[in-house]
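Visitor: I'd like to ask you about the structure that follows.
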Amino acid sequence: MRRTPYVLNNGLPDLIWTRMRHHQQWVAGDTHIISPAMVNNLRLGFSTDHIVDGQAEAGQTPPDGSKVLSNIGLQGANPSGLTGQGFPEIDISGLTSLSDVSGGTKANNRIFNIVDTIDWQRGAHSIKFGGGIEHYHNFYGIVPNYGTFTIDGSITGSPYADFLLGLPQSDQRVNPLGNRSQDLTEYNLYIDDTYKVTRKLTAYLGVRWDLYGTPYASDHLMYNFDPITGNVVVDPKGISKVSSLYPSNIKVVPGDVRAIAQKDDIVPRIGIAYAFDDKSVLRAGYGIFTSRLDSSGALNNFLPISPQLGSTGPFSISEVYFNVTSLGTNPLLQFPDPFPSSTASATVPSQSVNGYPHQVDHGRLQQYSLSYEREVARIGLRVSYLGSRGGDLNYTVNTNKPVPSTTPFDSSRRPYSQLVDTTMLHFEGSSRFNSVQFEAKRRVSDLTFSGSYSLTSSLVDFLDTENPYDVVGHWANDGQTRRNYASANMIWALPVGKGKRFMSSSGPGMDRLAGGWSMSVLTYLASGLGFSPQFSGSDPSNTSTFGGLPDLVGDPNHVPGGKNYYNWFNTAAFAAPASGTFGNARPNSLEGQHLYQTHLSVTKSVAITERVHFNFITQISNIFNHPQFLNPSGDISVAGGNEFTSQYGSFDSLESGQQRQITFLGGFTF
């Protein structure tokens with residue numbers, strides 16, 4: 001259980017905003033012995049994640065946008081009459097914008113799961129079978145919007161004068177959706193058998209079925225895009241809630257929009273282990289695993305299917321108004337009532353849509369491994385090969401681009417000229433993973449040493465989605481896997497105290513003081529993560545794609561004068577693509593800074609009683625405070641695109657390279 005309050009600032013002293021995040025996890029279980037050969041294990045889990053912005057925290061109360069509007073007399077910006085944290089966004093050219101984060105319930109999500117497993121020992125067979133159900137409920141509350149006002153000096157020639165006169169160049173407002181929820185449920189069943197064929201040979205055989213449900217919105221505000229007709233398809237029970245401001249040239253029709261889950265996802269797992277003697281064993285395995293839907297690096301069926309909570313689709317549309325002035329008449333937009341009395345003059349922003357196949361087709365990952373383990377001179381050694389091949393993996397791509405050519409871009413060249421982007425979910429991606437791993441372990445009295453090294457290649461062929469007519473087949477690093485990775489760990493239980501080498505006969509008081517100390521040191525050494533080169537500012541493909549991957553014309557690792565933090569790769573090795581083409585450079589073809597981190601932990605355990613101990617832990621991350629930088633932007637079109645400019649932050653993981661931190665922890669074990 002965790003409650004985390006935040007008091008943050010949006011750039012100006014009084015524009016604070018607050019957040020309270022309450023996260024809790026509960027687990028209950030029961031182990032029932034049915035017979036000497038059969039045991040049932042039941043586990044129940046429940047977790048919540050509740051995020052509310054705008055409450056008073058630590059004596060700080062954020063501004064209430066509705067009161068701000070009332071105090072300054074600004075009318076029409078909050079047509080829903082909502083209240084809570086926020087501020088009308090006022091953008092004045094040349095000055096710092098006035099804005100604040102709007103309050104409300106940003107999440108009230110719940111996950112419930114139940115898993116039941118039976119272990120059955122029958123002769124040489126160890127059989128395990130069971131299943132589980134997992135239900136997800138996501139909720140997004142009402143988040144107010146207090147209007148946006150752009151003041152650029154187009155009326156008087158001076159932005160600040162326009163502000164003083166209350167003459168915006170444009171303003172915008174919206175009736176926000178809120179109190180939205182989505183639910184989905186997942187099911188799984190499995191059975192496996194570990195069979196002791198002989199004294200030396202053990203075989204494993206298993207099969208698993210999964211049903212990954214698709215989300216459902218109780219308010220029926222769901223839509224899909226039909227790429228064949230170009231229509232926006234809306235749940236029939238929600239079509240009456242389509243905004244009257246939604247452009248009439250985008251056809252909206254009722255239809256079934258909930259994706260159909262794949263129900264035949266049955267996959268096998270097999271494996272063997274052969275012991276040559278009591279010091280060496282060979283293991284091999286093969287299995288097929290289901291690739292869940294992936295978006296933004298998160299395996300989550302909510303993300304690519306149906307608009308995310310907080311998205312509006314055709315149901316909530318912003319009203320944008322542009323000022324009109326002429327001699328002898330009042331400006332169309334002027335404070336304190338800067339919105340016209342009707343929506344007739346409203347401009348609706350250009351619309352984009354998301355879409356997905358009605359029938360979900362989860363990808364498959366075929367994973368296989370071979371491992372040999374042996375003890376030599378009391379050192380445990382392991383060498384392994386791990387590999388996988390993936391097919392039918394999903395990715396998203398904007399399909400509303402014309403074919404790249406030398407013809408200048410015009411919106412009429414888009415396949416769906418009534419829309420800007422049509423972001424579609426596809427299922428044609430592939431992956432290739434190969435890794436060789438080495439590991440050694442040794443324990444000497446109170447000292448334990450372990451070390452490992454891996455050489456890995458992880459490629460996918462669907463990262464370059466700039467050209468929707470030619471996506472798959474362009475293999476590139478996945479950007480998340482380090483090619484070389486080594487780690488070393490030492491744990492030392494100090495031989496001091498009762499029953500130890502030193503002070504073994506000490507009394508209880510001295511033992512509590514001098515005994516129970518241990519220390520561990522962990523070091524990571526690894527290659528850098530991949531990042532992509534890019535250019536900016538132009539649209540050589542004439543598809544309204546400004547910037548993107550450049551052409552590779554040289555060796556980016558050949559840096560004149562030598563590679564350093566201010567000149568990490570050779571920008572001259574890349575060039576903007578020729579007219580009518582996209583770039584041929586690969587995503588994640590550049591490598592960032594190598595990883596080097598060492599962490600130290602010191603633990604003191606004090607026995608309160610025979611069964612109760614108190615543990616006090618001191619952790620020092622990145623003990624040498626080695627600077628670990630985020631990757632450069634990779635932009636060859638601007639100065640500094642090949643420089644490291646920022647470090648990992650305090651909340652990044654120990655493996656990614658956070659700055660040195662010293663943490664003190666205490667807890668009871670019993």
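The values are calculated or read from the model by the stated rules, or taken from the named source; none is laboratory data. Model, not experiment: these values are computed from the prediction. For neighbour counting, all protein chains shown are included, and Cβ atoms are generated from backbone atoms with ideal geometry for every residue, glycine included. The accessibility values were calculated without ligands, DNA or RNA, using every heavy atom of the protein model including side chains. Shrake-Rupley method; radii C 1.70, N 1.55, O 1.52, S 1.80 Å.
Visitor: What is the residue count in the range 431-446 for residues that are touching a strand residue (DSSP E or B) at 6+ places or on another chain (Cβ under 8 Å) and more than 14 Å from S457 (Cβ to Cβ)? Reasoning before the result, please.
Guide: Filtering the range 431-446 for residues touching a strand residue (DSSP E or B) at 6+ places or on another chain (Cβ under 8 Å) gives 431-443, 446.
Applying the additional criterion that residues be more than 14 Å from S457 (Cβ to Cβ) yields 438-443, 446.
Of the residues in that region, 7 qualify.
Visitor: Checking S181 against (1) assigned to a loop (DSSP other than H, G, I, E, B); (2) surrounded by fewer than 21 Cβ atoms within 10 Å (Cβ to Cβ); (3) not basic (K, R), which test does it fail?
Guide: (1)
Visitor: Right, another one. Which of the following residues is closer than 30 Å to D53 by Cβ, loosely packed, with under 10 Cβ neighbours inside 10 Å and charged (D, E, K, R): R19, R2?
Guide: The conditions single out R2.
Visitor: Which residues, taken from the range 91-139, are closer than 30 Å to T194 by Cβ and charged (D, E, K, R)?
Guide: Kept after step one, since they are closer than 30 Å to T194 by Cβ, are these residues of the range 91-139: 113-134.
Scanning the range 91-139 gives D116, D119, R122, K128, E134.
Visitor: When the residues of the range 29-46 are narrowed to those that are over 31 Å from the mean Cα position of the chain (by Cα) and open to solvent by less than 60 Å² (accessible area, probe 1.4 Å), which ends up nearest to E134 (Cα to Cα)?
Guide: First, the residues of the range 29-46 that are over 31 Å from the mean Cα position of the chain (by Cα): 30-41.
With the extra rule that they be open to solvent by less than 60 Å² (accessible area, probe 1.4 Å), the set shrinks to 35, 37-41.
Working: S35: 29, A37: 29, M38: 25, V39: 23, N40: 19, N41: 17 Å.
Looking at the filtered set, the residue picked out is N41.
Visitor: Where the second residue is among the aromatic types (F, W, Y) and part of a strand (DSSP E or B) and the first is over 18 Å from R374 (Cα atoms) and lies in the range 435-448, which pairs have Cβ atoms under 9 Å and are six or more apart or on separate chains?
Guide: S435/Y385; D446/W492; L447/W492
Visitor: Mind listing whichever residues of the range 243-256 are open to solvent by less than 30 Å² (accessible area, probe 1.4 Å) and without any contact (Cβ under 8 Å) to a residue 60 or more places away in the chain?
Guide: Of everything in the range 243-256, just one residue is open to solvent by less than 30 Å² (accessible area, probe 1.4 Å) and without any contact (Cβ under 8 Å) to a residue 60 or more places away in the chain, namely G255.
Visitor: Can you say whether Y187 is open to solvent by 50 Å² or more (accessible area, probe 1.4 Å) and touching a Leu at 6+ places or on another chain (Cβ under 6 Å), as far as the supplied structure shows? Let's see the steps before the verdict.
Guide: Numbers: open to solvent by 50 Å² or more (accessible area, probe 1.4 Å): yes; touching a Leu at 6+ places or on another chain (Cβ under 6 Å): yes.
Considered against the rule, which asks whether it is open to solvent by 50 Å² or more (accessible area, probe 1.4 Å) and touching a Leu at 6+ places or on another chain (Cβ under 6 Å), Y187 comes out as yes.
Visitor: For residues that are small (G, A, S) and in contact with a Lys or Arg (Cβ under 9 Å, 6 or more places away or on another chain), scanning just the range 104-125, find the one that is surrounded by the most Cβ atoms within 10 Å (Cβ to Cβ).
Guide: To start, the set of residues in the range 104-125 that are small (G, A, S) comprises 104, 107, 123-124.
Applying the additional criterion that residues be in contact with a Lys or Arg (Cβ under 9 Å, 6 or more places away or on another chain) yields 107, 123-124.
Details: A107: 16, G123: 8, A124: 13.
Looking at residues that are small (G, A, S) and in contact with a Lys or Arg (Cβ under 9 Å, 6 or more places away or on another chain), I get A107.
Visitor: If you don't mind, there's one more thing I want to ask. Quick one: in the range 191-228, of everything that is in contact (Cβ under 8 Å) with a residue 24 or more places away in the chain, farther than 25 Å from H362 by Cα and of a type in the set (V, I, T), which residue is surrounded by the fewest Cβ atoms within 10 Å (Cβ to Cβ)?
Guide: This residue is V197.
Visitor: Step by step: first the residues of the range 248-297, then only those that are in a strand (DSSP E or B) and polar (S, T, N, Q), then the one that is modelled with the lowest pLDDT. Which residue is that? Can you show your working first?
Guide: Residues of the range 248-297 that are in a strand (DSSP E or B), as a first pass: 252-254, 260, 265-277, 280-291, 294-295.
Checking the rest, the ones that are also polar (S, T, N, Q) come to 280, 290-291, 295.
Numbers: S280: 96, T290: 89, S291: 84, S295: 45.
The extreme case among them is S295.
Visitor: Take the residues in the range 374-411 that are at pLDDT below 95 and of a type in the set (S, T, Y); name whichever of them is nearest to P247 (Cα to Cα).
Guide: S411
Visitor: Please go through the range 50-93 and pick out each residue that is closer than 16 Å to T105 by Cα, of a type outside the set (S, T, N, Q) and crowded, with 17+ Cβ neighbours inside 10 Å.
Guide: Those that are closer than 16 Å to T105 by Cα, of a type outside the set (S, T, N, Q) and crowded, with 17+ Cβ neighbours inside 10 Å: H50, I51, V52, D53, G54, E57, P62, D64, G65, L82, G84, G86.
Visitor: Name the residues in the range 537-556 that are in a loop (DSSP other than H, G, I, E, B), at pLDDT 95 or above and open to solvent by 50 Å² or more (accessible area, probe 1.4 Å), would you?
Guide: Start the filter on the range 537-556 by keeping residues that are in a loop (DSSP other than H, G, I, E, B), which leaves 537-547, 549-550, 553-556.
Those still in the list that are at pLDDT 95 or above too: 538-547, 549-550, 553-556.
F546, V553, D555 - these are the residues of the range 537-556 that are in a loop (DSSP other than H, G, I, E, B), at pLDDT 95 or above and open to solvent by 50 Å² or more (accessible area, probe 1.4 Å).
Visitor: Any residue that is outside any strand (DSSP E or B) and either buried (at least 16 other Cβ atoms within 10 Å of the Cβ) or in contact (Cβ under 8 Å) with a residue 60 or more places away in the chain (or both) - is there at least one of those in the range 372-390?
Guide: If we filter the range 372-390 for residues that are outside any strand (DSSP E or B), which is where we start, we get 377-378.
This time we only want the ones that are either buried (at least 16 other Cβ atoms within 10 Å of the Cβ) or in contact (Cβ under 8 Å) with a residue 60 or more places away in the chain (or both), so: 378.
Yes: the range 372-390 contains one or more residues that are outside any strand (DSSP E or B) and either buried (at least 16 other Cβ atoms within 10 Å of the Cβ) or in contact (Cβ under 8 Å) with a residue 60 or more places away in the chain (or both).
Visitor: Can we say P236 is under 26 Å from N108 (Cα atoms) and either open to solvent by 30 Å² or more (accessible area, probe 1.4 Å) or assigned to a loop (DSSP other than H, G, I, E, B) (or both)? Talk me through it step by step, then tell me what you get.
Guide: Values: under 26 Å from N108 (Cα atoms): no; either open to solvent by 30 Å² or more (accessible area, probe 1.4 Å) or assigned to a loop (DSSP other than H, G, I, E, B) (or both): yes.
No, not satisfied.
Visitor: So, one more: Could you check the range 260-284 and list, in sequence order, the residues that are farther than 30 Å from Y356 by Cβ and loosely packed, with under 14 Cβ neighbours inside 10 Å? Can you show your working first?
Guide: Kept after step one, since they are farther than 30 Å from Y356 by Cβ, are these residues of the range 260-284: 270-284.
Of everything in the range 260-284, those that are farther than 30 Å from Y356 by Cβ and loosely packed, with under 14 Cβ neighbours inside 10 Å turn out to be F276, D277, D278, K279.
Visitor: Another question, if that's okay. Out of the range 564-580, which residues are among the polar types (S, T, N, Q) and out of contact with any Asp or Glu (no Cβ under 8 Å at 6 or more places or on another chain)? Outline the logic, then answer.
Guide: Filtering the range 564-580 down to residues among the polar types (S, T, N, Q) leaves 564, 567, 570-571, 579.
Selection gives N564, T571, S579.
Visitor: Let me ask something else. What number of residues within the range 576-608 satisfy the criterion of being open to solvent by less than 60 Å² (accessible area, probe 1.4 Å) and farther than 30 Å from V460 by Cα?
Guide: Qualifying residue count for the region: 10.
Visitor: Also, I was wondering about something else. Check I133, I142 and return the single one that is touching a residue at least 60 places away in the same chain (Cβ under 8 Å), open to solvent by 50 Å² or more (accessible area, probe 1.4 Å) and under 26 Å from the mean Cα position of the chain (by Cα). Outline the logic, then answer.
Guide: On the way: I133 fails: touching a residue at least 60 places away in the same chain (Cβ under 8 Å).
So the residue among I133, I142 that is touching a residue at least 60 places away in the same chain (Cβ under 8 Å), open to solvent by 50 Å² or more (accessible area, probe 1.4 Å) and under 26 Å from the mean Cα position of the chain (by Cα) is I142.
Visitor: Checking W26 against (1) over 23 Å from D171 (Cα atoms); (2) open to solvent by less than 60 Å² (accessible area, probe 1.4 Å); (3) at pLDDT 95 or above; (4) hydrophobic (A, V, I, L, M, F, W, C), only one condition comes out false. Which one?
Guide: Every listed condition holds for W26 apart from (2).
Visitor: Of all residues in the range 13-28, count the ones that are among the β-branched types (V, I, T) and either outside any strand (DSSP E or B) or over 18 Å from Q60 (Cα atoms) (or both). Lay out the reasoning, then the answer.
Guide: Step one: list which residues in the range 13-28 are among the β-branched types (V, I, T), which gives 16, 18, 27.
Filter again for either outside any strand (DSSP E or B) or over 18 Å from Q60 (Cα atoms) (or both), leaving 27.
Going through the range 13-28 one residue at a time, the tally reaches 1.
Yes/no per residue for (1) of a type in the set (F, W, Y); (2) in a helix (DSSP H, G or I); (3) open to solvent by 50 Å² or more (accessible area, probe 1.4 Å); (4) more than 30 Å from S579 (Cβ to Cβ):
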| site | (1), (2), (3), (4) |
| --- | --- |
| P404 | no, no, no, no |
| S417 | no, no, yes, no |
| M424 | no, no, no, no |
| F438 | yes, no, yes, yes |
| G451 | no, no, no, yes |
| F462 | yes, no, no, no |
| G473 | no, no, no, no |
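Visitor: Restricting to the range 342-371, name every residue that is in contact (Cβ under 8 Å) with a residue 60 or more places away in the chain and in a loop (DSSP other than H, G, I, E, B). So that I can check it myself, show each step before the final result.
Guide: The first filter runs over the range 342-371 and keeps only residues in contact (Cβ under 8 Å) with a residue 60 or more places away in the chain, leaving 343, 346, 348, 350-371.
Residues satisfying the conditions are T343, A346, V348, S350, Q351, S352, Y356, P357, H358, V360, D361, H362.
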